[in-house]
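K.L.:
Quick one: structure below, then a few questions.
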Amino acid sequence: MTFLAPRSDFPLLADTPTLHYLDSAATAQKPRVVLDALQQFYERDNANPHRGAYELSARATERYHDARATIATFIGATDADCTLFVRGTTEAMNLIAYGWGDAHIGAGDAIVVTAMDHHASFVTFQQLAKRTGAEFRIAELTDDGRIDMTSLRSMLDSRVKLISFPHVSNALGTINPVTEIVALAHAVGAVVVCDGAQAVPHLAVDVEALGVDFYAFSGHKVGGPMGIGVLWGRRALLESMSPWQFGGDMIEIVGDQVTTFNTLPHRFEAGTPNAADAVGLAVACDYLTALGMDRVRAHEVELTALLLDGLQLLDGIRIFGPMHAQERSGVVSFAFEDVHAHDLATILDEHGVCVRAGHHCAQPLMRRLGVPATARASVWVHTTPDDLHALMTALQHAKSLFADVALR
Ligand code: PMP
């Protein structure tokens, strides 16, 4: 195994051969085809979709429409109109909270999240609970970084109206048992929100087979542009929801006192749509489809095994999350007792190695792990064993530097 996707597919990587980009979990590098598609949209197809009677506007509308269909297919959604464009996972969670939560959750109800939820869902549903007077429950984790199913089961009763969890944890790499959680949640009548931000770039996702009610992801982690993402929801749920933002495009008839609203998906896409970025995201999905999501997963499992093996050779390291590559994604968080993650990341940067250091928008998780921050390396389609080798060399250098400082 050398690579799945050549560096030459990614202009930023091709232009900086010494860079070892191991932070795809924060945002992915963009394939050239995506950048070209953005440029082409603005050069050839740019007009305001749904607005003009002229041919150019019709073309922009068609490109936007086709992008939605491509992305829906990519995530296994047969009803493309239930695939809504949003800014990203964060906005998707807020749409659910304001559009569904405020109307369906009240005092006496309960909301369940997990201790590994990203702030995008954790805080959004915590605040929904605060607004509505619902109880906010947090399912705990096992020592090896999985959702503790005993804890989760103990929290599910008929008061629970909504449960949120990540398909894949951004800080632990854990791949959660979605269908098992869905079965438990549906048995008590709860609506299931699944955060797919760290899953869609790495695993073949079929939202309908997973059985969830809402599924969200961010385009920029899939190789698409920043500022575009997707919320997929079941038609019946989406149709029962009030719009949460108002303005152009989302209306049917505007009376002086009363307004009726457009059908799906427009009802939830107020204002001029982000058409170019939708087109870019569709091209990113096509790029991954051409690579083959099964091959993407196999490539990442191999790299993750190498990464875990390499990290385990380092003295004093603590690795978080499941230890078998098959059971996790290629997001690997680690910490050294004596070195702060930020200091580590700064030294790695001197070796051209990019890793994320911090709380990964998961402060409740960090508290449970008993660390202020972790360093996190993550792999994707262009990552090679050479990138991982560079990480290990840089880590060994950092360790020796810090050992010298400790001796002084
Ligand atoms: N959920 C998870 C699991 C994530 O990794 C991220 C991005 N770090 C988000 C939600 C939020 O995504 P965005 O910032 O693109 O809205």
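The values are calculated or read from the model by the stated rules, or taken from the named source; none is laboratory data. Computed from a predicted structure; not experimentally measured. Please note: Cβ atoms are built from the backbone with ideal geometry, for glycine as well, and neighbour counts cover all protein chains shown. Protein only, heavy atoms only, side chains kept; ligands, DNA and RNA dropped before computing areas. Shrake-Rupley method; radii C 1.70, N 1.55, O 1.52, S 1.80 Å.
K.L.:
How many residues are more than 15 Å from the ligand (Cβ to nearest atom) and either in a strand (DSSP E or B) or open to solvent by less than 50 Å² (accessible area, probe 1.4 Å) (or both) if we restrict to segment 118-130?
P.N.:
2
K.L.:
Would you call Ala115 open to solvent by less than 10 Å² (accessible area, probe 1.4 Å), within 14 Å of the ligand (Cβ to nearest atom), touching a strand residue (DSSP E or B) at 6+ places or on another chain (Cβ under 9 Å) and modelled with pLDDT of 95 or more? Step through it out loud before you land on a result.
P.N.:
Numbers: open to solvent by less than 10 Å² (accessible area, probe 1.4 Å): yes; within 14 Å of the ligand (Cβ to nearest atom): yes; touching a strand residue (DSSP E or B) at 6+ places or on another chain (Cβ under 9 Å): yes; modelled with pLDDT of 95 or more: yes.
The answer is yes for Ala115.
Quick grid of which residues meet (1) away from the ligand (no atom under 16 Å from the Cβ); (2) closer than 21 Å to Ala216 by Cβ; (3) modelled with pLDDT of 95 or more:
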| site | (1), (2), (3) |
| --- | --- |
| Glu43 | yes, no, yes |
| Ala47 | yes, no, yes |
| His50 | yes, no, no |
| Ala67 | yes, yes, yes |
| Thr70 | yes, yes, yes |
| Phe74 | yes, yes, yes |
| Asp79 | yes, yes, yes |
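K.L.:
Related question: Would you check if there is a residue in segment 366-381 being at positive phi and not in a helix (DSSP H, G or I)?
P.N.:
Yes, the conditions are met somewhere in segment 366-381.
K.L.:
Which of the following residues is more than 16 Å from the ligand (Cβ to nearest atom), of a type in the set (Gly, Ala, Ser) and farther than 29 Å from Arg368 by Cβ: Gly133, Gly101, Gly106? Before you say what the answer is, go through the steps one by one.
P.N.:
Numbers: Gly133 fails: farther than 29 Å from Arg368 by Cβ; Gly101 fails: farther than 29 Å from Arg368 by Cβ.
Every option except Gly106 fails the conditions.
K.L.:
Among the strands (runs of 3 or more DSSP E) lying completely within segment 225-316, list those that include at least 3 residues that are over 25 Å from Ser164 (Cβ atoms) and away from the ligand (no atom under 16 Å from the Cβ).
P.N.:
Hits in segment 225-316: 251-254, 259-261.
K.L.:
Tell me which of these Thr179 doesn't satisfy, since it passes every other one: (1) touching a residue at least 12 places away in the same chain (Cβ under 8 Å); (2) away from the ligand (no atom under 16 Å from the Cβ); (3) touching a Phe, Trp or Tyr at 6+ places or on another chain (Cβ under 7 Å).
P.N.:
Condition not satisfied by Thr179: (3).
K.L.:
Examine segment 55-69 for a residue that is in contact with a Pro (Cβ under 6 Å, 6 or more places away or on another chain), surrounded by fewer than 22 Cβ atoms within 10 Å (Cβ to Cβ), charged (D, E, K, R) and touching a residue at least 60 places away in the same chain (Cβ under 8 Å), and state whether such a residue exists.
P.N.:
No: zero hits.
K.L.:
Does Leu391 fit the bill of being open to solvent by less than 30 Å² (accessible area, probe 1.4 Å) and closer than 16 Å to Tyr21 by Cβ?
P.N.:
Numbers: open to solvent by less than 30 Å² (accessible area, probe 1.4 Å): yes; closer than 16 Å to Tyr21 by Cβ: yes.
The answer is yes for Leu391.
K.L.:
May I pose another question? Identify all residues within segment 148-175 that are away from the ligand (no atom under 12 Å from the Cβ) and open to solvent by less than 10 Å² (accessible area, probe 1.4 Å); write none if there are none.
P.N.:
Leu152, Val160, Leu162, Ile163
K.L.:
Also: Which of (1) open to solvent by 50 Å² or more (accessible area, probe 1.4 Å); (2) over 20 Å from the mean Cα position of the chain (by Cα) is the odd one out, the single condition Gly255 does not satisfy?
P.N.:
Exception for Gly255: condition (1).
K.L.:
Check Leu38, Leu4, Leu22 and return the single one that is more than 26 Å from Asp294 (Cβ to Cβ), surrounded by 15 or more Cβ atoms within 10 Å (Cβ to Cβ) and in contact with a helix residue (DSSP H, G or I) (Cβ under 9 Å, 6 or more places away or on another chain).
P.N.:
The match here is Leu38.
K.L.:
Which residue, of Ala278, Ala270, is open to solvent by less than 20 Å² (accessible area, probe 1.4 Å) and either touching an Asp or Glu at 6+ places or on another chain (Cβ under 6 Å) or at pLDDT 95 or above (or both)? Show your work before the answer.
P.N.:
Values: Ala270 fails: open to solvent by less than 20 Å² (accessible area, probe 1.4 Å).
Answer to the check: Ala278.
K.L.:
Same structure again: Is it the case that Leu162 is in contact (Cβ under 8 Å) with a residue 60 or more places away in the chain and of a type outside the set (Ser, Thr, Tyr)?
P.N.:
Spelling it out, Leu162 is indeed in contact (Cβ under 8 Å) with a residue 60 or more places away in the chain and of a type outside the set (Ser, Thr, Tyr).
K.L.:
Any idea which residue in segment 321-352 is surrounded by the fewest Cβ atoms within 10 Å (Cβ to Cβ), counting only those that are part of a loop (DSSP other than H, G, I, E, B) and at pLDDT 95 or above?
P.N.:
His324
K.L.:
Okay, moving on. Within segment 281-320, how many residues turn out to be modelled with pLDDT of 95 or more, open to solvent by 10 Å² or more (accessible area, probe 1.4 Å) and either at positive phi or of a type in the set (Asp, Glu) (or both)?
P.N.:
5
K.L.:
Across segment 354-364, which residue is surrounded by the fewest Cβ atoms within 10 Å (Cβ to Cβ) among those that are outside any loop (DSSP other than H, G, I, E, B) and touching an Asp or Glu at 6+ places or on another chain (Cβ under 8 Å)?
P.N.:
Ranking the candidates gives Pro364 first.
K.L.:
Under the condition of being free of Cβ contacts under 8 Å to residues at least 40 places away in the same chain and crowded, with 23+ Cβ neighbours inside 10 Å, which residue from segment 207-224 is nearest to the ligand (Cβ to nearest atom)?
P.N.:
Val212
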